[in-house]
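In what follows, a structure is listed as structure tokens, so that the remarks can point back to it.
Here, each number is a calculation from the coordinates, and none is a lab measurement. On a predicted model such as this, the values are computed, not experimentally measured, just so you know. In this analysis, Cβ positions are derived from the backbone assuming ideal geometry, glycine residues included, and neighbour counts consider all displayed protein chains.
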Amino acid sequence: MIVILTQCFPSRLGGIESLMGNLSLELSKKNKVIVLADRHHFFYDRMYDNKYKNEILVRRIQGLKFFRRRRKIKELKQLIQSNQIKLIISDTWKSLELATTHLNEKKIPTICLAHGNDILTNEPKKLERIKRTLNNCTSIIANSRFTLNLIKKLSLNNNNLGYIYPGAEDLREINVDKFIDLDGKPLLLTLARLEKRKGHFQIIKLIKELIKYFPNLKYIIAGDGPEKTKLKKLVDDYKLSSNIFFVGSVNLSQKKFLFENADLMIMPTIDESVNRSIEGFGITYLEAAFFSVPSIASNIGGTPEAVLHEKTGIIIDDFDALYDHTIELLNNKSKLEFLGKNAQIRAINEFKWENVINHYYKLFKSMQ
């Protein structure tokens, strides 16, 4: 039996949620998998859990954070009594913090995943909590070389470190939901949580210039988050409401529709590490790649590992270069298609979950 400890799990949307959901489902093909997850939304959680009830058993814990974390560990201890747990995987150090001592006493191996933001802190006490938890894990797996280097800077006693790139969902075979009218061309897309580090503000400023040459251009902003009101105000101030559209959070079928119609995925992220926010990798770039959609990203965090410069997209060193590179790609259809095709080949060969899971099994074998 493999137990997954996670705060981030579908039906909630997000990169870590996607990773934990797909990792659980892939592992269930060869193992019994029990997921101890936070409650997100009663109705949508129940829909998700029922959909996959024959693959994984999901036990949802709700309530205030302080009590929720302790209830989850109590559930874990009850499972330990079965003597059937051979491995525990945690989404971050936070989910594992209260259990490491007990798990070590029971000699149950643990893998703690790391994504970037979760190990950034300016608080000495929190830093000590992070280091203590990670030192007590059997292995630590980062989502990129960049995140792995962040972990190494912590100077841990635990040397069982490595990285495995997340898999990305290939949505090409699912049903499509044509939920909005996409009549403009070219079509640019950003699919991300609406927060400062995703670079939406800079892209909106870019669109203001691009429509001088591409008056029918459409820019789709998919996702929700704390910056939504400010972003909408900027769109209104620039009088871009006929070119820029907010479509909110999208499901997989709606996401497929956007990818099928997009010419370019554009998400040049910002270094907000001082505010504990940085892009550790970037699964969305790979999801778009399955549809031969290349990306423009920035040389920040782990994104240059998700998007390969001049191979599967463009990596910009600063926002001054964003305009020139976007104009070039939109005017050079052959290059756009070349990058998109390369992106698709790489996504299929390296990022389908059926391939990624083999890296995890190789790790499991080394832990035995």
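Odds and ends about this structure:
- Taking N as its residue count, the alpha carbon Rg of the range 1-159 over 2.2 N^0.38 Å: 1.01
- Once both labels are positioned 7 Å from their Cα atoms along Cα-to-Cβ, the gap between N331 and I348 label points is 3.2 nm.
- Applying both filters, DSSP loop and at most 11 other Cβ atoms within 10 Å, to the GluC sites (Glu not before Pro) of the range 155-242 gives E173.
- Cysteines in the chain that, by Cβ-Cβ distance, have no pairing candidate under 4.7 Å: C8
- Eigen-decomposition of the gyration tensor built on the alpha-carbon atoms of the range 130-209 gives equivalent ellipsoid semi-axes of 39, 19, 10 angstrom, largest listed first.
- 0 to 90° range, to nearest 10: angle between helix 42-51 axis and the chain longest Cα axis: 80 degrees
- Extension gain for L79-K362 works out to 99.3 nm (0.36 nm per residue, less the C-alpha to C-alpha distance).
- Candidate cross-link partners of K53 among the aspartates and glutamates, defined by an alpha-carbon separation under 18 Å and a same-chain spacing of 8 or more, comprise E17, E26, D38, D45.
- Using C-alpha pairs below 8 Å separated by at least 6 residues, the relative contact order for the range 187-350 is 22 percent.
- Computed over the chain, relative contact order equals 14 percent, with contacts defined as Cα pairs under 8 Å that lie 6+ residues apart.
- Whole-Å distance, taken between Cα centres, linking the range 219-272 and the range 1-75: 28 Å
- With both residues required to sit in the range 187-350, DSSP beta bridges show an antiparallel share near 5%.
- Nearest 10 degrees, 0 to 90: helix 124-135 Cα axis against the chain principal axis: 70 degrees
- Taken along its principal axes, the alpha carbon cloud of the range 31-78 reaches lengths of 30, 26, 10 Å, longest axis first.
- Candidates T284, T133, T101, ranked by Gaussian network fluctuation over the chain, Cα under 10 Å, top entry: T101
- Between 0 and 90°, nearest 10: helix 65-80 axis offset from the chain longest Cα axis: 50 degrees
- The ratio of the alpha-carbon radius of gyration of the chain to the globular-protein estimate 2.2 N^0.38 Å is 1.01.
- Note on the range 235-368: Lys pairs 8 or more places apart or on different chains, Cα atoms under 24 Å apart, count 17.
- For the range 286-327, the fraction of alpha-carbon pairs in successive 10 Å shells from zero, as %: 31, 56, 13
- Square roots of 5 times each gyration tensor eigenvalue, C-alpha, the range 187-350, largest first, Å: 22, 18, 16
- For the range 67-187, the spread of Cα positions along each principal axis, largest first, Å: 60, 37, 27
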